[in-house]
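Bear in mind that the values in this text are calculations on the coordinates, not laboratory data. Not measured: the values here are computed from a predicted model. As a convention, Cβ positions derive from the backbone with ideal geometry for all residues, glycine included, and neighbour counts pool all protein chains shown.
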Amino acid sequence: MTLKYFLTLSISLLIIPSFNAQITGKILDATDNYPLEYATAALFKQDDKSLVTGVITNNQGDFIINNVKNGRYYLEASFVGYASKTILNIEISKAKKQIDVGTILLTLGNALNEVEIRAQRTTMVHKIDRQVFDSKNFQASQGGTATDIIKNLPSVSVNSAGEISVRGSKGFAVLINGKPTQGDATAILAQLPSNALEKVELITAPSAKYDPEGKAGIINIITKKGATNGVFTQVNVRGGFPSIEPYNTQEPAQRYGIDATINKKTDLWNISFGSSYQRNDKTGRREGEVYIVNTNENKTTFLPSDGERSFDDVSYNARFNIDFTPNTTNEFSLGFFAGKHTVDRLADITYFDNHAVSPINSSNRLYTFTYYNHNLRTRKGDFALGSFDYNHTFKDDSKLATSILYEYTFLGGPTINDNVDTPDYNIIYQQEYNTNDNPLHGVRYNLDYQWKPFSFGTLETGYQFRILNHDGDFVYQRDGILVPEFSSNISLKRTIHAGYTQLTGEKNKWHYSAGLRLESMHRVYTEALQSNTTANTFNYDFLKLFPSASLQYDVNNKTTLKAAYSKRVERTTTLKMNSFAEREHSEVFEQGDNKLKPEFIDLVELGITKDFNNGQSVYATAYYRHVNNVINRVNTLAYESNGAVIDTILNRVYSNVGKSRDIGLELGTQFKATKNWTNFIGANIYNYAIDGAFVFEHRDGISRTYNVDSQSTIYSFNINSTYAFWKNASLQFNFNYTSSKNTAIGEDSEFYNPNLTFKKSFLNNSLTATLQWQNIDMGFLKSNEQRITTFKPNQFFTTTNYVYEVDMILLNLTYTINKSKNKSKFIESEFGKREF
């Protein structure tokens, strides 16, 4: 007897259910045949219309109603934001003990389908554990990347560096079609073409079946797919008009790209091939001031600066995936991915009228000096990976899924830092060159099993194994001569074993889920100077439980209440642990902490959702998040080997700085102001506090301790407003805003981006043109501009204003050769993109 049947029999004997008949079926989205998880199937008596029972669907849209007595019934299928559908005349008798009502297709909203206005599709749908967003409703993202879609979601914000935050935190995990990834979230989303996305799921309090990585939760990217056999071919071309604002950059920005997808689907085979080439440059300037106080020598050094800060961003890749489904119980999938991604960050800065004054707070100058700093930082990534998946469905509808992925990534790229005279540029004061070649190998294996041994819930259990090997060879040269104290070799090996079990079900108006995940992590980090064969080793292990629970109560078919708890972890990248300094700018060294601990997070949230007719709704979610071992990038004074302060250089260090907590309220609504004018608005307001200390230990024994006590109230909002002129043309306005935010030792200023998009379809919707006006400024706003400030009394003060390109005009053309549904799905980098 197998373990599965033994457990099922044991539990069945304990609860001794009385079995009569069974009704099964499947609930899908009528537009794209996408399964509707947590949709409701309610069974009523046909004679008196009284409710008998109700169940919810699983992640495949399937439902099972057990223990149905003889009689005549009707079934009502419903889901939030969708029009309900009723199946009449279901008869249970001695001769009919097994009834399959088949596939039930639900339509978004209650409006008639004959009104072919795409902007009227419901933007957001609520589920018990997530919010689901229709990517097609964010027109400003057309031809861009997944980032352009994500930044429009409630509680999501993007700063001037393109870093994404969810509820104010950059720490979140990314899933691709439900599969975990281990790459850097921003890098992963920047690699995915937006036109390949179907839906985006925001899971703020994930259950135990998910990897606990990410203190802000999970973003699940669902790529386009369908159920129609045939060939799907789509080509997307994007081009940018010349920059309106040149910013005095050496070279104009280039923005263009092309991506294509070919998908062939039959009853047995689903073969997909895709390729993409994208160039997304960004121009701008950096305006900064740095004050460094040297109390030992009783002087202050001033470093005002101004100059170009631009990015050349080039990526290209090819993807291939093949699925084989020989029957209804087995599915095999094989996938490959290969690509290159290069980002050149140019910061050519003039440090003008630099001077030191003595004594402190005096205007008496010791010296004045002006020089030009050419700083080019290149980050390269070569990605190659493959995966194999197998899924099996048993006769009792239990399911077994297994997956294995292997990835090889080569990361590297030098930083060139030259100080020369200005304006003649003839005298070279100093040349610095540092590079790192750091290949990465990663393996992930999953085994998951799901079954329903009793009526009140579905049990899920699984095991996950992950191993990461990451080595780094760092070379630091000054004026062509190796600097041994900054040249190093590092190595990180991280092994994770995890197992989970989870129960999900519903009873009357209650929906519930509870789970427990046990995770064991073993981390070994070693580093050594290239001039020294002796390596220092730093071990970090933990064995922890990660519980989760969620509860939802349906007050009625329009109003729901929900509560959730989730425990999370945020693991650090290898480069944040490299304690050997790297020259980032003329005035900045950057380094990590070889003893860096992961962050551990506890999250609680309470919410309410109210739906109205035509897919309109409002919702509110209050949340509390507590984080131990908070990691921040903190500035401190730089020291020479003899312990003297370096007047013109700061150390930028990644370090654990204590604890933090967030108390916030998330609000959102989607509504129609008029028949053709739809709106989606999301807002987040929260109080963020950090309390602790930053301890910096220099290699030469110098130690500095900074107390951290910072608190502020922060808010952000995203507006998505669309007016449809007729069935194939619309105008959409987007506005993303984030207020100023406190950090461990400073503040980031407000940041906002207005965008306007006109979309028109031609040739029976085969050709779609999208004209975009991004980062609207018109010379009187401060769009796409952010000031970053850090300070420590009597030690230093820095303020840098990053001014990036505004009033960008782009044209995107998408041509679909035929109308077969796209069933393509591709794998993505899991390990390397996190380090990129």
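Checking the Cα-Cα distances for K49/K507; K544/K595; K215/K509; K199/K265; K85/K127; K265/K452 against a 25 Å cut-off, the pairs over it are K215/K509; K265/K452.
Calculated from the structure at hand, volume of the Cα convex hull per residue in Å³ is found among [x] 189; [y] 257; [z] 164 as [z]. When only Cα pairs below 8 angstrom with a gap of at least 6 residues are kept, region 119-835 shows a relative contact order of 15 percent.
Extending 7 Å from Cα along the Cβ direction at K97 and again at D424 yields two label points whose distance is 10.0 nm. Between the residues I714, T789, T738, the greatest Cα displacement towards the positive end of the dipole of region 671-797, with unit charges on the Cβ of Lys, Arg, Asp and Glu, is found for T738. Once a ≥ b ≥ c are taken as the square roots of the eigenvalues of the Cα gyration tensor of region 249-391, is the result rounded (a/c under 1.5), prolate (a/b larger than b/c) or oblate (a/b not larger than b/c)? Since a/c reaches 1.5 and a/b is larger than b/c, the shape of region 249-391 is classed as prolate. Once the Cβ-Cβ distance of D382 and F454 is raised to the sixth power relative to R0 = 35 Å, the FRET efficiency obtained is 0.10.
Since only L385, A581, I490 are under comparison, the one whose Cα sits farthest along the positive direction of the charge dipole of the chain, derived from C-beta charges on Lys, Arg, Asp and Glu, is L385. Ordering F680, F600, T533 by Cα displacement along the dipole of the chain toward the positive end leaves F680 in first place; charges were set at the Cβ atoms of Lys, Arg (+1) and Asp, Glu (-1). Once the Cα atoms are used to define both axes, helix 3-15 deviates from the longest principal axis of the chain by about 60 degrees. The charge dipole of the chain, taken about its Cα centre with unit charges on the Cβ of Lys, Arg, Asp and Glu (plus for the first two, minus for the last two), comes to roughly 3500 debye. Straight-line cross-link partners of K567 among the aspartates and glutamates, defined as a Cα under 14 Å from its Cα and at least 8 positions apart when in the same chain: D211, E213, E519, E599, D602, E605.
Summed over qualifying helices (DSSP H, 4 residues or more, each -39500 (n - 2.57)) and divided by its residue number, the chain shows a 222 nm mean residue ellipticity of -1000 deg cm²/dmol.
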